[in-house]
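This report refers to the structure that appears directly beneath it.
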Amino acid sequence: MTLCYALGLHLLAARYNQTDMSDTTVRDTVILGSGCAGLTAAIYAARANLKPLVLEGHEPGGQLSITTLVENFPGWPEGVQGPELIENMKKQATRFGAELRMAHLTSADLTRSPFELTIGKDIVQTRSLIIASGASARWLGLPSEQALIGFGVSSCATCDGFFASGKEIAVIGGGDSAMEEAIFLTRFATKVTIINRTENFRASRIMLERAIAHPQIEFLHNTVVEEVLGVEEKELKGLKLFNKKTGERWTLPVAFMFLGIGHIPNATMFKGQIDLDDDGYIKTEHNIFVTQMGVQLHGVYACGDVQDRRYRQAITAAGTGCMAALEVEKYLEEMGR
Ligand code: NDP
């Protein structure tokens, strides 16, 4: 242990013990987010008897709760439905004493010790914080698209697919999300057109090949959506498209548009307090240690998609969730708990 680090820990321990005596309601750890990363952290923290408080956030269960079959989570040879996996993780975490609360963080003050979290009207103090707030669906950003969310525009095929029964629809994107959504939506829609803005695909080969082989799926390459039609009628009527290569413009009559164009990390509430990269992902050392102007911020950890722009898998989210909880345990031990 370097002298600097040891001194830092000593000072922190002194501050920590001081506050601890005057405040008996200080939590050992709070976990932001209830996706795969947050719930794995909760299982480990709860088993370490830290009685973690889990704030479920805006999208309880995270991305797995709106996905269908997860085929690559080890231990499920036939695959497992995302919501089922999440439900089981919740049961596992609460069985060991985790407290799950349907709430989200309003703001956080990480300059205080213990850290102070504002949750609506409540203030929660905590000695450590695990940020597992994940990432939310990305939108095209067109005003007409925003106006028609819930009226034919959706970012959740699992939630809204049923409403597309017997209709022709479009899926935007060229990654695994778009392929998965398109294949899933063929259960309902008569025809699915995948609209990709380039001719390159980020999707894995197996997913892409499944989509290409599907008789109900068609592809449009080098094509972007310029306008979503039907705002006045409050019902999606079609998409105004533009082919960037040929310059052609035309209208595709579809009743639904599903977005599958990636996600935005949910970390804006920490801007200015911890280091974020240019796209808003939390910068971490060794995948979990959060920094503040390049220096490790003791007691704060990030895991899952909010800090992972590279792997973004359920299993890697679970892995970093586990790591974060183990580090919390170690940190609290070093602080004398
Ligand atoms: P990706 O980042 O992999 O792909 C996003 C796609 O959307 C790209 O084709 C991108 O195009 C396109 N895109 C981005 N912004 C726009 C825009 N404004 N307009 C039009 N197109 C746009 O995201 P995914 O959500 O597909 O996947 C994320 C991760 O999750 C990946 O690691 C993936 O493997 C994984 N995943 C796994 C699944 C499974 O195994 N069952 C299912 C779903 C996801 P461009 O390439 O031009 O930037």
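What shape does the range 227-290 take by its C-alpha gyration tensor, where a ≥ b ≥ c are the square roots of the eigenvalues and a/c under 1.5 counts as rounded, a/b above b/c as prolate, and the rest as oblate? List each step's numbers first, then the result.
Details: a/c = 3.86, a/b = 2.47, b/c = 1.56.
Taking the square roots of the gyration eigenvalues as a ≥ b ≥ c, the range 227-290 is prolate.
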Completion exercise
FRET efficiency for residue 123 and residue 76 from the Cβ-Cβ distance with R0 = 51 Å, rounded to 0.05, comes out at 0.80
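Taking a ≥ b ≥ c as the square roots of the eigenvalues of the Cα gyration tensor of the range 139-259, is the shape rounded (a/c under 1.5), prolate (a/b larger than b/c) or oblate?
Numbers: a/c = 1.72, a/b = 1.16, b/c = 1.48.
In terms of gyration-tensor shape, oblate.
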Fill in the blank from the handout: Any lysines whose Cα falls less than 23 Å from that of residue 283, other than same-chain ones fewer than 8 residues away, would be 271, 330
Problem - Label-to-label distance, nm, for residues given as residue 218 and residue 249 (7 Å Cα→Cβ offset) - result: 2.1 nm
Exercise for the section: Could you work out how far apart the two model spin labels at residue 233 and residue 271 are, taking each label as a point 7 Å from the Cα in the direction of the beta carbon, and quote it in nm? Expected result: 3.8 nm
Exercise for the section: Let me know the shape class of the range 229-337, please: from the alpha-carbon gyration tensor, a ≥ b ≥ c as square roots of the eigenvalues, rounded when a/c is under 1.5, otherwise prolate if a/b is greater than b/c, or oblate. Expected result: prolate
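Please state the charge dipole magnitude for the range 139-259, taken about the Cα centre, from unit charges on C-beta atoms (+1 on K and R, -1 on D and E), reported in debye and rounded to the nearest 20.
Working: 13 positive and 15 negative charges, 50 e Å.
With only Lys, Arg, Asp and Glu charged at Cβ, the dipole is about 240 debye.
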Handout entry: Length released on extending from residue 147 to residue 116, taking residue separation times 0.36 nm less the Cα-Cα span
Key = 7.5 nm
Exercise for the section: Report the paramagnetic label zone for residue 312: residues of the range 248-279 whose backbone N is under 11 Å from a point 7 Å from Cα along the Cα-to-Cβ axis. Expected result: 260-265
Fill in the blank from the handout: Residues meeting the amide H criterion for residue 70 (H placed from the backbone, H to H distance under 5 Å, 5 or more places apart or on another chain) are 80, 81, 82
Problem - Rel. contact order, % - alpha carbon contacts under 8 angstrom, at least six apart, the range 139-259 - result: 31 percent
Exercise for the section: Only residues of the range 126-155 count here: report those whose backbone N is under 14 Å from the spot 7 Å along Cα→Cβ of residue 103, or say none. Expected result: 126
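When only Cα pairs under 8 Å and 6 or more residues apart are kept, what is the percent relative contact order across the chain? All intermediate terms of the calculation are to be shown ahead of the outcome.
Working: 735 pairs, mean separation 66.0, N = 337.
The value is 20 percent.
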Practice task
Could you estimate the translational diffusion coefficient of the range 78-170 from the Stokes-Einstein equation, with Rh from the Kirkwood formula over C-alpha pairs, at 37 °C and 0.692 mPa s, in whole µm²/s?
Solution key: 188 µm²/s
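Kindly give the semi-axes, whole Å and largest first, of the ellipsoid equivalent to the chain, taking each as the square root of 5 times a Cα gyration tensor eigenvalue. Could the numbers behind the result be given before it?
Working: eigenvalues 358, 79, 64 Å².
Its equivalent ellipsoid spans semi-axes of 42, 20, 18 Å.
No value in this document is a laboratory result; all are computed from the given coordinates. As the structure is a prediction and not an experimental result, all values here were calculated from the model. Here Cβ is always computed from backbone atoms with ideal geometry, including for glycine, and neighbour counts include all displayed protein chains.
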